[in-house]
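Inspection log for the structure reproduced underneath, given as structure tokens.
What follows draws every value from the coordinates through simple rules; no lab data is involved. Predicted, not measured: the structure shown is a model, and the values here were computed from it. Ideal geometry is used to build each Cβ from the backbone, glycine not excepted, and the neighbour counts take in all protein chains shown.
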Number of protein chains: 2
Amino acid sequence: MSVFRSPQNPIIEPKDVKPSRSDFEVIGVFNAGVARFEDKVILLLRVAERPICAHPDMVLAGVYDVAQGDIVLKEFSKNEPENDFSDPRLIIRPTETYLTSISHLRLARSADGINFDIEDTPAIGPANDIESFGIEDPRISLIDGTYYVTYVAVCPSGVTSCLASTKDFKSFQRHGVIFCPENKDVVLFPESAFGGTRKYYALHRPVSPLFKRQDIWIAESPDLICWGNHRPLLAPDEDCWDQVKVGGSAVPFKIAQGWLEIYHGVGHDNRYCLGAVILDASQPWKVIARAEKPIFEPQDDYETSGFFGNVVFTCGLLYEQEKLKIYYGAADTVICYAELPVQDVFESLNLAGSA
Amino acid sequence: MSVFRSPQNPIIEPKDVKPSRSDFEVIGVFNAGVARFEDKVILLLRVAERPICAHPDMVLAGVYDVAQGDIVLKEFSKNEPENDFSDPRLIIRPTETYLTSISHLRLARSADGINFDIEDTPAIGPANDIESFGIEDPRISLIDGTYYVTYVAVCPSGVTSCLASTKDFKSFQRHGVIFCPENKDVVLFPESAFGGTRKYYALHRPVSPLFKRQDIWIAESPDLICWGNHRPLLAPDEDCWDQVKVGGSAVPFKIAQGWLEIYHGVGHDNRYCLGAVILDASQPWKVIARAEKPIFEPQDDYETSGFFGNVVFTCGLLYEQEKLKIYYGAADTVICYAELPVQDVFESLNLAGSA
């Protein structure tokens with residue numbers, strides 16, 4: 001795989017993003033949804049912030065409060081044995097769990113795809129009970145002239161996936177929870193008809209605690225809001241690199257052989273890499289081919305070290321000029337850019353033809 | 001609460017049910033869906049079976065195999081330290097989990113509601129990959145002349161909820177997975193229009209391992225197959241009896257004040273009891289009233305002792321003659337019958353009026 005990493009990587013870092021409040025600091029900007037809109041590349045950034053804390057023995061968590069219509073701060077003492085800080089993302093207490101950061105979505109625009117103008121305020125921020133711990137990991141699918149954004153919403157009731165839509169990237173309309181807990185990595189196929197009828201498909205990633213499974217499933221919908229006919233699509237492969245969990249990542253795109261989906265997988269080594277799979281064009285619940293090796297792995301310092309190291313994770317790419325132009329979160333801290341020749345991806349899938 | 005328990009309890013026991021195969025034994029008959037059909041009371045029984053095992057050091061598990069079109073047997077040694085049998089329902093191994101029993105659904109009919117004729121063969125048995133570990137806990141909702149059956153399907157990919165339908169309780173049509181892992185306790189409201197438009201509602205019980213939550217959610221659908229607009233409805237109440245988890249149980253029914261839902265809850269004492277809640281008639285995502293105490297608790301021997309003791313669990317009831325005629329699984333072993341005056345349930349909900 002001849003991977004080209006931008007020499008400007010990371011192309012967006014926390015210091016490039018203005019905090020949403022003067023008492024917050026940005027600790028991560030990563031996992032961005034991607035779209036071409038008018039003559040620009042649009043990124044919908046996941047911006048993770050935490051309240052600035054002057055007390056070295058305290059941790060502050062930001063939680064959206066519906067009654068107040070704003071994020072309020074909660075204090076947790078590092079000296080209290082009840083508070084478990086062993087996972088850097090969580091504050092685990094006996095009967096409740098909080099996040100150490102709260103995320104929102106921020107717009108960035110670029111003419112060249114590398115240098116981005118980042119808006120000063122959130123495009124979509126937590127605004128209801130379901131989003132009280134923040135919103136994360138957007139994916140953008142262009143369907144019939146509307147941009148649909150799936151995103152993860154976190155709250156004490158669980159991790160859900162929600163839908164919003166926009167035509168102009170100025171105003172966004174919310175459509176509620178489309179996948180109930182625990183569900184992440186929802187990716188809409190950018191097409192509204194399958195087999196001659198109006199129908200939508202989505203990849204999603206439910207969790208089975210009983211069977212310890214985190215697989216990719218596929219579902220169908222008549223309206224993008226309500227989803228059913230859930231089927232398991234792709235499971236971790238014990239004999240391969242992605243033994244522990246998998247999830248949809250980029251929005252799939254059409255090639256001659258079907259839909260090319262770039263997904264993420266995690267192995268026993270706890271590294272997040274990207275993999276490739278081809279789904280049937282008209283029956284996307286059928287896997288045509290799956291690459292045996294990752295197509296992209298953490299390698300450079302900004303990928304191996306950070307808030308959560310050894311992670312490359314994409315929520316979107318552009319397929320242009322026979323290349324996959326991948327925007328990816330590295331180490332849950334920064335946004336980077338890489339290009340992969342689609343021909344190399346085909347070879348990893350043992351596909352002879354080209355797109 | 002003036003509870004009447006049938007003196008014939010348990011009304012159905014494992015010995016009353018013919019095994020589906022000569023090499024199986026019935027170890028539980030419980031958690032039955034309930035309907036009135038023609039002049040009979042119909043129960044759709046959950047029948048749990050296990051392969052008869054002659055070797056005291058072995059445990060056999062039945063698993064439906066799609067290629068063979070039949071249940072095949074898997075052997076597990078009690079002497080192998082890798083096999084964890086600490087939960088009587090499970091065989092937990094390092095990378096996989098099996099069930100110690102496999103369930104199917106069986107029809108039973110009664111003229112008097114107490115003495116049932118039980119069919120000799122399964123009405124709905126495991127028949128595909130999603131159902132390979134069995135099907136469980138049916139609920140029956142009569143909607144526009146069709147009986148819709150929701151049931152739990154278990155397989156190595158997770159615990160899902162599926163839909164089937166029938167008009168005659170002879171042939172059943174499957175409609176696939178309507179709620180993806182981990183989801184149980186799906187109960188369809190027996191109505192097809194809300195607010196003047198064609199719409200369906202369901203209670204469901206997703207699981208959030210991250211936040212350790214097992215709450216009742218509500219979802220809506222245009223067609224009973226695809227579900228969205230998921231909203232948390234009822235959470236465990238730390239100050240009450242149902243502190244650990246709650247789930248929908250019986251199909252809700254209309255009374256003057258809205259929908260009366262009999263749900264189940266589990267407290268820190270690990271007892272399964274039944275609770276009562278009223279939901280708004282046209283906006284069923286709004287809780288009008290919730291009883292502070294269980295309306296029905298394990299008390300008699302057949303409820304406190306069995307395969308899984310201290311459990312009363314209902315999947316259905318009949319609301320007739322101002323009484324709740326509850327069919328319930330006791331100790332995950334037998335089916336019992338009890339009657340509760342609806343007036344007593346109203347009083348527990350602090351409702352003055354009657355239905």
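Couple of notes before you dig in:
- Put a plus charge on the Cβ of each Lys and Arg, a minus charge on the Cβ of each Asp and Glu, and nothing anywhere else: the dipole of segment B:4-348 about its Cα centre is then about 760 debye.
- Here the Gaussian network model covers chain B, with springs between Cα atoms less than 10 Å apart; of B:Ala61, B:Ala250, B:Ala153, B:Ala61 fluctuates the most.
- Top of A:Ala219, A:Ala193, A:Ala123 by mean-square fluctuation, Gaussian network on chain A, Cα under 10 Å: A:Ala193
- Unpaired cysteine residues in chain B (no second Cys Cβ under 4.7 Å): B:Cys53, B:Cys155, B:Cys162, B:Cys180, B:Cys240, B:Cys273, B:Cys315, B:Cys336.
- Neighbours of B:Pro10, meaning other residues whose beta-carbon lies under 13 angstrom from its beta-carbon, give a summed charge of -4 when Lys and Arg score +1 and Asp and Glu score -1.
- Where trypsin sites (Lys or Arg not before Pro) fall in DSSP loop in segment B:170-222, at most 10 other Cβ within 10 Å: B:Lys170
- Whether segment A:146-258 is rounded, prolate or oblate, judged on the alpha carbon gyration tensor where a/c under 1.5 counts as rounded: oblate
- Which of B:Gln68, B:Phe24, B:Leu163, positive extreme of dipole for segment B:4-348 (C-beta unit charges): B:Leu163
- Loop-located chymotrypsin sites (Phe, Trp or Tyr not before Pro) in segment A:101-177 (DSSP state other than H, G, I, E, B) with a sparse environment of at most 15 neighbouring Cβ atoms within 10 Å are absent.
- Pairs beyond 21 Å (Cα-Cα), from A:Lys40/A:Lys293; B:Lys254/B:Lys325; B:Lys170/B:Lys199; B:Lys15/B:Lys170; A:Lys245/A:Lys293: A:Lys40/A:Lys293; B:Lys170/B:Lys199; B:Lys15/B:Lys170
- Farthest positive-ward along chain A dipole, Cα basis, beta-carbon charges - from A:Ile135, A:Gln299, A:Tyr201: A:Tyr201
- Cα-based shape type of segment A:4-348, given that a ≥ b ≥ c are square roots of the gyration tensor eigenvalues and the cut on a/c is 1.5: rounded
- Given +1 at the Cβ of Lys and Arg, -1 at the Cβ of Asp and Glu and no other charges, the dipole of segment B:138-230 around its Cα centre is 160 debye to the nearest 20.
- In Hz, Karplus ³J(HN,Hα) per residue of segment B:139-155 (6.51, -1.76, 1.60; θ = phi - 60°; x = Gly, Pro): 10, 10, 10, 8, 10, 6, x, 10, 8, 9, 10, 8, 8, 8, 10, 10, 7
- Shielding by partners - mean other protein chain Cβ count within 10 Å, residues of B:172-184: 5
- Rounded if a/c under 1.5, otherwise prolate or oblate - segment B:293-335, Cα gyration tensor axes: prolate
- Positive-end ranking of A:Ala219, A:Leu90, A:Thr100 along the dipole of chain A, with charges on Cβ about the Cα centre, is headed by A:Ala219.
- Gaussian network model of chain A, springs between alpha carbon atoms under 10 Å - residue of A:Asp87, A:Asp280, A:Asp16 with greatest fluctuation: A:Asp87
- Residue by residue, segment B:66-82 carries 3J(HN,Hα) couplings of 5, 4, 8, x, 7, 7, 10, 9, 10, 9, 9, 8, 6, 8, 7, x, 5 Hz when phi is fed to the Karplus relation 6.51 cos²θ - 1.76 cosθ + 1.60 (θ = phi - 60°); x denotes Gly or Pro.
- Note on the protein assembly as shown: with charges restricted to the Cβ of Lys and Arg (+1) and Asp and Glu (-1), its dipole about the Cα centre is near 1360 debye.
- Under the combined filter of DSSP loop state and at most 16 neighbouring Cβ atoms within 10 Å, segment B:251-324 retains these trypsin sites (Lys or Arg not before Pro): B:Lys286.
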